[in-house]
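Trainee: Pasting a structure here, questions to come.
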Number of protein chains: 4
Amino acid sequence: MESSNLTEPIDVLEDGKSFLRLVEYIGDDFGIVQSARVSFGQGRKTEEEDFKLIRYLMLHNHMSPFEHIVFKFHVACPLFVRSQWFRHRTWSYNEISRRYTSKNIQFYIPERFRKQDLSNRQGSVFSDEINNDIARNTVKKQTELALNAYNILIEMGIAREHARIVLPQNMYTEFYATVNLRNLFHFIKLRISPEAQWEIRQYAKAILEILEETVPISLDAFKEKHDLK
Amino acid sequence: MESSNLTEPIDVLEDGKSFLRLVEYIGDDFGIVQSARVSFGQGRKTEEEDFKLIRYLMLHNHMSPFEHIVFKFHVACPLFVRSQWFRHRTWSYNEISRRYTSKNIQFYIPERFRKQDLSNRQGSVFSDEINNDIARNTVKKQTELALNAYNILIEMGIAREHARIVLPQNMYTEFYATVNLRNLFHFIKLRISPEAQWEIRQYAKAILEILEETVPISLDAFKEKHDLK
Amino acid sequence: MESSNLTEPIDVLEDGKSFLRLVEYIGDDFGIVQSARVSFGQGRKTEEEDFKLIRYLMLHNHMSPFEHIVFKFHVACPLFVRSQWFRHRTWSYNEISRRYTSKNIQFYIPERFRKQDLSNRQGSVFSDEINNDIARNTVKKQTELALNAYNILIEMGIAREHARIVLPQNMYTEFYATVNLRNLFHFIKLRISPEAQWEIRQYAKAILEILEETVPISLDAFKEKHDLK
Amino acid sequence: MESSNLTEPIDVLEDGKSFLRLVEYIGDDFGIVQSARVSFGQGRKTEEEDFKLIRYLMLHNHMSPFEHIVFKFHVACPLFVRSQWFRHRTWSYNEISRRYTSKNIQFYIPERFRKQDLSNRQGSVFSDEINNDIARNTVKKQTELALNAYNILIEMGIAREHARIVLPQNMYTEFYATVNLRNLFHFIKLRISPEAQWEIRQYAKAILEILEETVPISLDAFKEKHDLK
């Protein structure tokens, strides 16, 4: 992948509305090694030794050198994904505010719906038993009613911050998000897990693709540690 | 106020569904003084000197001694208030998960709606120009339609995590939240401001009432600093 | 242990100068369960189920409910231990300042010295090959010379903040430190490890004793997870 | 200043041993504007409007957009400066460890000493009343004795982690430190103040020089806000 592609938006949920885009980043695998070696009073060594040191740091939980690598993303995702994302308190966020603007309101309509797993409160699976057409239609129609109610309230002169309260959680939002690699790995570990909701897992996977290009050695060690290979 | 009242739930939005409740707390005005005095190698002094020290710390931005006082709250508020609240990354949160349960779904229906301020994108005011009955009815009806769509999706066997995406942002949520006094003051400063949305301001005011009972000297200094008297 | 003993200072390094003291704390094992159950929209259950839930949370890394339990300690330790301690950025600290006071300057003189492990840069072991009397004497004498130089500088009218720069890293310092149980467990995990320096391990052990009295179920689950039983 | 100069080490304390060096950074004044505008659902505007927006954000304490700009520094400073620096818990640090290496031990010997201000416990001033030659000599000699004691302990086979406890707080240390602009401004505000110790103020000033080159508009707004012009 060339650098020009590296910052192209990825259509994470494949509906033409979602995206994750790498805006910029600082540091690379060598930066981790450089920060770690200051502890020993050492400078650069061979590539092979760099590789071994990164694996050692990862597998022995010496995570502070990974904090000097920083990524800035631009994201569009549904509100319910945003709420899961913003539980991560080590990121920096700036989000579109529906107190400020009524522009460009869009909704996420799933292609396929998941079935409730009855033996596991949190679990869900894709299943042929679900009639996706009916479900999509139900969500779509409900979304249109909500937007309609919103517009009525706006036309009554009601404040945007009040009118928006009828808008559902599949509404798209947009934000900038900056995080260091240590905390990004923590995010991926939690959000790529089968316990996480399908939608946020797609964002975690998109980030993995970006790490493949930017910090391949660290990513390889991370995958080994967490059995993601 | 007696201690027994101190931990009574406060019905913040006066709809019988909202609440803010102090679960427990650690420390008091003297704890701040104690933590601050270790810097000077000093112990307890007179009450008057304690009072002066707290004012000094507050007015000169020496905020670290306020971090040793910690409050745990139990809160029920609408989702849109929760999203503003959780932007504060220095708190600890545990929230009800709509991936786990369909129990007790309720909605916030404002008594009075605010009007969009046309000269200030973020601004809003209560106004006689708004027909509150029509607005309430619009929100209420939309809320019923949303809950209806949710129930249809659930009956189709669709996972709760997916069905909930049609539920609007005036749905109530519930969480435990723990924070130290330094960061609580920061929250109040931002959320009691006239720039903040009316609903979250009511929560900030309810917290002020609790601080009045638990750390009166610190609160007095805080109010003086930020012209809240 | 009775509550009156719970807040007694522990002489961690057994030299009559060191101490770790629990000042106060908020919450207990039940508070963790309470915070966790809000996720499911559930209240209290049987003690056995509480026990199982805490183990489940710990072993599956659902650590947020442990953030609502908070401990405030009062500590006296050598500067080199303090520097290791303060690398933990999730604690709140207030430390005695040698810019403010010359009172009560004391030093840590080890009873027994550790030998450098030649095969492991970071390693050290207690060993009969070390002449502890000579080593103690060397440290003690050097410490006296340092304090003497400090006093000369002070008598010359030099500022305390400048004079103190000759004082060595075995000087005692004192601080208040507040932390939640999630981050306290992280501290213990790192600082009780055989890789940690012997002195800070003693502080980690003293904290373990306190947790035994205050959150026994959580501690038990923590020990099981990290093979500390 | 050219980019090549931007990352040159600055000899902060002018003794040939200290340095502060910008390793790399991400973002600029435009990045702040970009992150802020997402709130309004807006993109790029004119330079003049960018300038006004940055001033507005700074003066109204809307600091989150400043979090997306990140700086990585490489620093050599005395231990007592390091301890003040590491109280800032929002930075990422990797420091040389004297448990790992005995290489390159150096000490800071002040050129001029400050006099204790008798009316202000924390205060100090440069003064002709201080005999700097005697003071320098006292510190230098004490430093040599400490290093000598350290070497004796090392030759006895004692572990580096134990031998180093006799080394004084004017010993140099070295670290990498990464921070976002919001927290960097907070650091500068506290550490450039006349209340801060002279030595750390020099580091804060060196950082200001770097911000002049990298985020001039934000720095200008910051200086205006805090009367640093």
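The values are calculated or read from the model by the stated rules, or taken from the named source; none is laboratory data. Everything quoted here is computed from the prediction, not taken from an experiment. Here the Cβ is made from the backbone with ideal geometry for all residues, glycine too, and neighbour counts use every protein chain on show. Note: accessible area is taken over every heavy atom of the protein model, side chains too, but ligands, DNA and RNA are not part of it. Shrake-Rupley method; radii C 1.70, N 1.55, O 1.52, S 1.80 Å.
Trainee: I'd like the full set of residues that are buried (at least 17 other Cβ atoms within 10 Å of the Cβ) and without any contact (Cβ under 8 Å) to a residue 12 or more places away in the chain, limited to segment A:112-129. Break it down into steps so the answer makes sense when it comes.
Mentor: In the first step, residues of segment A:112-129 are kept if they are buried (at least 17 other Cβ atoms within 10 Å of the Cβ); the result is A:113-116, A:122, A:124.
Hit for segment A:112-129 is A:GLN116, nothing else.
Trainee: Hey, another quick one. Is at least one residue of segment B:70-83 closer than 17 Å to B:PRO216 by Cα and out of contact with any Cys (no Cβ under 9 Å at 6 or more places or on another chain)?
Mentor: Within segment B:70-83 (the criterion being closer than 17 Å to B:PRO216 by Cα and out of contact with any Cys (no Cβ under 9 Å at 6 or more places or on another chain)), the answer is yes, since at least one residue qualifies.
Trainee: List the helices (runs of 4 or more DSSP H) inside segment C:2-62, counting only whole elements, that have at least 3 residues being modelled with pLDDT of 90 or more and over 20 Å from the mean Cα position of the chain (by Cα).
Mentor: Values: elements: C:3-6, C:29-37, C:47-59.
Per the criteria, C:29-37, C:47-59.
Trainee: Would you be able to tell me the number of residues in segment A:178-192 that are in contact with a strand residue (DSSP E or B) (Cβ under 7 Å, 6 or more places away or on another chain) and closer than 30 Å to A:GLN142 by Cα?
Mentor: So the count comes out to 0.
Trainee: Answer with yes or no whether C:THR178 is β-branched (Val, Ile, Thr) and more than 7 Å from chain D (Cβ to nearest Cβ).
Mentor: Details: β-branched (Val, Ile, Thr): yes; more than 7 Å from chain D (Cβ to nearest Cβ): yes.
Here the answer is yes, as C:THR178 does meet what is asked.
Trainee: Quick check on segment C:130-150: of everything there that is touching a Lys or Arg at 6+ places or on another chain (Cβ under 7 Å) and not hydroxyl-bearing (Ser, Thr, Tyr), which residue is surrounded by the fewest Cβ atoms within 10 Å (Cβ to Cβ)?
Mentor: Of the residues in segment C:130-150, the ones touching a Lys or Arg at 6+ places or on another chain (Cβ under 7 Å) are C:130, C:132, C:150.
Now restrict to residues that are not hydroxyl-bearing (Ser, Thr, Tyr): C:130, C:132.
Values: C:ILE130: 21, C:ASN132: 16.
Per the criteria, the residue is C:ASN132.
Trainee: Would you say A:GLU67 is open to solvent by 50 Å² or more (accessible area, probe 1.4 Å), under 18 Å from A:LEU184 (Cα atoms) and within 10 Å of chain D (Cβ to nearest Cβ)? Walk me through it before giving the result.
Mentor: Details: open to solvent by 50 Å² or more (accessible area, probe 1.4 Å): no; under 18 Å from A:LEU184 (Cα atoms): yes; within 10 Å of chain D (Cβ to nearest Cβ): yes.
Considered against the rule, which asks whether it is open to solvent by 50 Å² or more (accessible area, probe 1.4 Å), under 18 Å from A:LEU184 (Cα atoms) and within 10 Å of chain D (Cβ to nearest Cβ), A:GLU67 comes out as no.
Trainee: Taking segment C:69-90 on its own, how many of its residues are under 18 Å from C:TYR108 (Cα atoms) and touching a helix residue (DSSP H, G or I) at 6+ places or on another chain (Cβ under 9 Å)?
Mentor: Taking segment C:69-90 and keeping what is under 18 Å from C:TYR108 (Cα atoms), we get C:74-85.
Then drop every residue that is not touching a helix residue (DSSP H, G or I) at 6+ places or on another chain (Cβ under 9 Å), which leaves C:74-75, C:77-85.
Matching residues across segment C:69-90 total 11.
Trainee: Is it the case that segment B:73-81 has a residue that's farther than 19 Å from B:GLN197 by Cα, buried (at least 22 other Cβ atoms within 10 Å of the Cβ), modelled with pLDDT of 95 or more and over 24 Å from the mean Cα position of the chain (by Cα)?
Mentor: Of all residues in segment B:73-81, those farther than 19 Å from B:GLN197 by Cα come to B:73-74.
Checking which are buried (at least 22 other Cβ atoms within 10 Å of the Cβ) leaves us with B:73.
Filter again for modelled with pLDDT of 95 or more, leaving B:73.
From what is left, the residues that are over 24 Å from the mean Cα position of the chain (by Cα) are none.
No, segment B:73-81 contains no residue that is farther than 19 Å from B:GLN197 by Cα, buried (at least 22 other Cβ atoms within 10 Å of the Cβ), modelled with pLDDT of 95 or more and over 24 Å from the mean Cα position of the chain (by Cα).
Trainee: Do you know which of the residues in segment D:197-206 that are out of contact with any Lys or Arg (no Cβ under 7 Å at 6 or more places or on another chain) and open to solvent by 10 Å² or more (accessible area, probe 1.4 Å) is nearest to the other protein chains (Cβ to nearest Cβ)?
Mentor: In this case the residue turns out to be D:GLN202.
Trainee: Could you say whether any residue in segment C:90-111 is basic (Lys, Arg), over 22 Å from B:VAL33 (Cα atoms) and either touching a Lys or Arg at 6+ places or on another chain (Cβ under 8 Å) or buried (at least 18 other Cβ atoms within 10 Å of the Cβ) (or both)?
Mentor: No, because not a single residue in segment C:90-111 is basic (Lys, Arg), over 22 Å from B:VAL33 (Cα atoms) and either touching a Lys or Arg at 6+ places or on another chain (Cβ under 8 Å) or buried (at least 18 other Cβ atoms within 10 Å of the Cβ) (or both).
Trainee: For residues in segment A:172-195 being part of a loop (DSSP other than H, G, I, E, B) and over 12 Å from the mean Cα position of the chain (by Cα), which is surrounded by the fewest Cβ atoms within 10 Å (Cβ to Cβ)? Write out each step before concluding.
Mentor: Within segment A:172-195, the first condition is being part of a loop (DSSP other than H, G, I, E, B), and the residues that meet it are A:192-195.
Those still in the list that are over 12 Å from the mean Cα position of the chain (by Cα) too: A:193-195.
Details: A:SER193: 13, A:PRO194: 7, A:GLU195: 14.
The residue in question is A:PRO194.
Trainee: Restricting to helices (runs of 4 or more DSSP H) lying wholly in segment D:70-168: which have 1 or more residues that are of a type in the set (Val, Ile, Thr) and more than 14 Å from chain A (Cβ to nearest Cβ)? Explain how you work it out, then say what you get.
Mentor: On the way: elements: D:79-85, D:132-155, D:160-163.
Of the helices (runs of 4 or more DSSP H) lying wholly inside segment D:70-168, those with at least 1 residues that are of a type in the set (Val, Ile, Thr) and more than 14 Å from chain A (Cβ to nearest Cβ) span D:79-85, D:132-155.
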